[in-house]
Every structure is written in C-alpha cells, then in structure tokens.
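Undergrad: Would you mind keeping the following structure in view while I ask a few things?
The values are calculated or read from the model by the stated rules, or taken from the named source; none is laboratory data. As the structure is a prediction and not an experimental result, all values here were calculated from the model. No Cβ is skipped: glycine too gets one built from the backbone with ideal geometry, and neighbour counts run over all protein chains shown.
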Amino acid sequence: MLVLVAGGAGFIGSHLCERLLTDGHAVVCLDDFSTGSRLNVVHLEGVPGFELLERDVTGSVELLGVDRIFNLACPAAPARYQADPVRTWKTSVLGTMHLLDLAAVNGARFVQASTSEVYGDPQVHPQREDYWGHVNPIGPRACYDEGKRAAETLCFDTARTKGLDVRVARIFNTYGPRMARDDGRVVANFVAQALEGGALTLYGAGSQTRSFCYVSDLVEGLVRLMDYEGALPGPVNLGNPAEFTVRELAELVLELTGSSSPIEVQPLPVDDPVRRCPDITRARTLLGWEPSVPLVQGLGRTIAAVRALR
Ligand code: NAD
Ligand code: UDP
C-alpha cells in the first residue's frame, strides 16, 4: 500500500516510517521540518518505496494513489507548541482538515495522532476514553489541547458525514531515540542533563505523574489501530499504564546513567497536569495490544542512543 505519514520526519513519525517500510509498504513522508528534522529520516532516503515531501499541512495537500494516512504533523513538546500558539492551533485543526480532505479524495483510511492532553488536568484516574476531560480552554496549553480536541471533532464529524474510515489514537507520553535534544520534554532533558553533568531540572515537587511508553510499543499500537478490520467504538488510548512520579523518573535516569548530577527544583509550569495514566482496556481488547518495554529497559536504550551520538 501507499501510506502517507504526515509529520514523518518527527520523533514518532520517523520510527513509524521505518516500520511501514519494513512491513513492505511504500511511504510518503510529508513534513515541514519545523520541529522534526531531515536527519531523522536521512537513513531512509534511497530505500525503495520511500519518498520525502516538504509540505506545510496548514495549506492544502494534493497527492493521488494514497491508501492510508497517518496524521502526526503537529508540534508535541510544550515549549515548542507554546512558542507559536496560533500556528499550533492552525496545524492541528487546519492540518487535520486538509488531510481529511485528502483522505476523502483518495478513499484512504485515516489515523489521527491525538493525545492524552485532550483529558487536560484529569479528575478521573486512570483515564478512559469515555472521560470528556478537564481542559483550561484559555491557558498556555490550550492551543495544543483544544487544537487536538477540535481535530478529533473534525475526524468524527467527517467519518459521520462522508463515511470515511477514521481512527483516533490518544497517545500518552512517548519517549525513545530521536527525541529532539532541545525540545524541553522531560525524558530528553533528564537524559541529556545527566550525561552532560548538568543539574536535572525538576519542575515543582516532582510529585506529578506521567506514564511513559517506549516508541516501538507506540508504533506497534498505531499500526494495529490502522490495520484493525471493523468498526471502533471511538478513540483508543495508546500508552504504558505504568505510572511514575517525575521525581522517580529523575532518580531512575541518574541511576541508569551513573551520573552524579544534582536535582534542581524549578517552578512548575502553569496548568501542568497533576496525574496522567491511561486505561488501555480498549486497546488490549480490540487490538490485542499492550506495551512490552518497561521504563527501565526503554530508558536504557534511549540513554545508549544519546551516548552513541555524543
Ligand atoms: P515531533 O515534533 O517530533 O513530530 C511532529 C512532526 O510534525 C515534526 O517532524 C514537525 O516538523 C512536523 N510538523 C509540525 N507542524 C507541521 C506542519 N504545519 N506541516 C507539516 N509538518 C509539520 O513530535 P512527536 O513526539 O513525534 O509527535 C508526533 C505526533 O504525536 C504529534 O501529532 C503529537 O501531537 C502526537 N503525540 C505525541 C506524544 C509524545 O509523547 N511524543 C504524545 C501525545 C501525542
Ligand atoms: N518536567 C520536568 N523537568 C523538565 C521537563 C519537564 O520536571 O526538564 C515535567 C513537566 O513539568 C511535566 C512532566 O515533566 O510535569 C512531563 O513534561 P513533558 O514536557 O515531557 O510533557 P507533558 O506531559 O507535560 O506534555
């Protein structure tokens, strides 16, 4: 099949392109390289069936012969999506609209990369897909949270009105090799800081929790969601339900790197969610999917990959 991966030169997208090529598909990787990089896919250039297309999804996208579309095009790190919030919203909403239009023209199946941020600062734990969330619509995270929520609305409305086959993955914190060193996300920051001997920047008391999914597990979930034959009851959470405090993560990174970096407490960002953990019953039941890489192992691989680049 011909598969379009929008945002394919990003962290998750580049791993997804690799996986799809391994599975024997032809892949068009579309990206504007705003938060991703050509370097993430440079090893795929020249691989038969791989094509790189520089495009911005805030404008319309034209391409024929596409069988399947994954929409991952959107900045995902808080510092990056807050740097130009209006552009983030446009990318999420207009970008999804343009790619849904492309799916309609081609009769292509569509997977949308949504996010656990649609649950905001959740009041229900763990988060199930039928929870409507608790989002501040006017705070600094809203461009991303509300942008992704509006994109979900577009997905389900388009499926209902045009009969398109649209699936929505609500992705929880994902980490692994090729996370951008400078995008400010916690795993990238802690690993780099520990290896460079700088202080680990812990925001707030570090008692807030996240559930970290290794990238190969996430990619497997996305592929299964795309391949699933049949109707889904709605969005599907994809994430690792093992929940850690951010302080526990910092301590684990120090242990695995053997670093003696100090932990330096810094202010907690506005609207930083207090707890986050996916209920993955739906993915387990329908897709037969669950993560297989525990945090200690995935962090070990991530640290090794960062070390190899230094
Ligand atoms: P990333 O920033 O590495 O990848 C996003 C890619 O989209 C980049 O290559 C970027 O250049 C591209 N892009 C951004 N705006 C674009 C535009 N207007 N036109 C074309 N391309 C554009 O982030 P990631 O972590 O790989 O996330 C990929 C997707 O998964 C995003 O949609 C994100 O919202 C979602 N997601 C990621 C996580 C996570 O923990 N990594 C969690 C939840 C959801
Ligand atoms: N965080 C931290 N230090 C950092 C970067 C992030 O303590 O250097 C915290 C952040 O406040 C949040 C968690 O780690 O509570 C995850 O942050 P990230 O930006 O990776 O993703 P989020 O889940 O907030 O989108």
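Undergrad: Specify which of the listed residues (Glu248, Glu255) is assigned to a helix (DSSP H, G or I) and surrounded by fewer than 14 Cβ atoms within 10 Å (Cβ to Cβ).
TA: Unique residue meeting the criteria: Glu255.
Undergrad: If a residue must be out of contact with any Asp or Glu (no Cβ under 6 Å at 6 or more places or on another chain), in a strand (DSSP E or B) and buried (at least 19 other Cβ atoms within 10 Å of the Cβ), how many such residues does segment 194-217 contain?
TA: Within segment 194-217, residues that are out of contact with any Asp or Glu (no Cβ under 6 Å at 6 or more places or on another chain), in a strand (DSSP E or B) and buried (at least 19 other Cβ atoms within 10 Å of the Cβ) number 5.
Residues are listed down the side, and each one gets a yes or a no for (1) within 13 Å of ligand 2 (Cβ to nearest atom); (2) under 19 Å from Ala305 (Cα atoms); (3) at pLDDT 95 or above:
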residue: Pro177; (1), (2), (3): no, yes, yes
residue: Arg185; (1), (2), (3): yes, yes, yes
residue: Leu195; (1), (2), (3): no, yes, yes
residue: Ala199; (1), (2), (3): yes, no, yes
residue: Ser207; (1), (2), (3): yes, no, yes
residue: Leu218; (1), (2), (3): no, yes, yes
residue: Leu222; (1), (2), (3): no, no, yes
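Undergrad: Residue by residue through segment 224-245, note down the ones that are surrounded by 20 or more Cβ atoms within 10 Å (Cβ to Cβ) and more than 15 Å from ligand 2 (Cβ to nearest atom).
TA: If the condition is that a residue be surrounded by 20 or more Cβ atoms within 10 Å (Cβ to Cβ) and more than 15 Å from ligand 2 (Cβ to nearest atom), then Leu225, Met226, Pro235, Val236 are the ones that fit.
Undergrad: Filtering segment 287-304 down to residues that are hydrophobic (A, V, I, L, M, F, W, C) and in contact with a helix residue (DSSP H, G or I) (Cβ under 9 Å, 6 or more places away or on another chain), which residue is surrounded by the fewest Cβ atoms within 10 Å (Cβ to Cβ)?
TA: Of everything passing the filter in segment 287-304, Val296 is surrounded by the fewest Cβ atoms within 10 Å (Cβ to Cβ).
Undergrad: Follow-up question, since we're still on this one. Would you mind stating whether Asp182 is among the acidic types (Asp, Glu) and either touching a helix residue (DSSP H, G or I) at 6+ places or on another chain (Cβ under 7 Å) or more than 19 Å from Ile69 (Cα to Cα) (or both)?
TA: Taking the combined requirement at face value, the residue satisfies it.
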